[in-house]
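Below is one structure, written out as structure tokens, with a few remarks after it.
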Amino acid sequence: MSPITVVPYDPKWPLVFATLRETIWNAVGDVALRIEHVGSTSVPGLAAKPVIDLDVVVHLADVPTSLARLEGIGYRPLGDLGIPQREALKPPPSAVPHNLYVCPSTSPALKNHLAVRDYLRANPEAASAYGELKKRLAILYPEDMEGYVEAKSDFLAEVLRQAGFEQAGIEEIRRLNRRRGAGEPSARQYPPKPAKTN
């Protein structure tokens, strides 16, 4: 894994998103509802890892089709990586650095991404404080992504509280951001098998 690097906001990031979006939309536009630019690169002025995050939003029934279409243009499905209703894909080797997710429109992960993005866009002071926190954490956890993510949880929980998230949802996000213990699964394939009933 390469070291975690947080850099000042780059005004080119929305253009990189637009280019990626066009390629992805050409593959899934007939089944996707929209493609959202999320994560820190989507917030003007916010320091970030220089990696674009995109959520392809679809109806639940269209998740498998979307994954197959994206696989057809060089993405590799990775399962949900422990985050329910958020399917991750590895970009083609030649692509600019980005993270791609397919999310049903009802996904809690999607709701989380949009709430954090929209709150930070509307509150530049909070965005600046978040950027400073991330710079410090990149120094403290230069090669420990799980530690870096977990250490941001308190700040993000407060953002979600301010954005109107219910406490139960915030606690679930905190749980998912904790380090995984030995033996915990790192990924589940989509769709999950239905629970057996008696």
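Bear in mind these aren't lab numbers, they're just calculated from the coordinates by the rules spelled out. Predicted model only: the values in this text are computed from it and were never measured. As a convention, Cβ positions derive from the backbone with ideal geometry for all residues, glycine included, and neighbour counts pool all protein chains shown.
Annotations
- Seen through its C-alpha gyration tensor, with square-root eigenvalues sorted a ≥ b ≥ c, segment 74-154 comes out oblate because a/c lies at 1.5 or above while a/b is not bigger than b/c.
- Residue pairs, from the table 49/111; 49/152; 12/49, whose Cα atoms sit over 18 Å apart: 49/111
- Extension gain, residue 73-residue 155: 0.36 nm per intervening residue step, less the Cα-Cα distance, totals 25.9 nm.
- Linear extension gain, residue 174 paired with residue 99, 0.36 nm per residue minus alpha-carbon span: 24.9 nm
- Anisotropy class of segment 13-177 from Cα gyration tensor, a/c 1.5 cut: prolate
- Over the chain, DSSP H runs of length four or greater, each weighted -39,500 (n - 2.57), average out per residue to a 222 nm ellipticity of -13500 deg cm²/dmol.
- Spin-label model, residue 23/residue 90: points 7 Å from Cα along the beta carbon direction are separated by 1.6 nm.
- Sites residue 139 and residue 81 - FRET efficiency at Förster radius 30 Å, r taken between beta-carbons, to 0.05: 0.75
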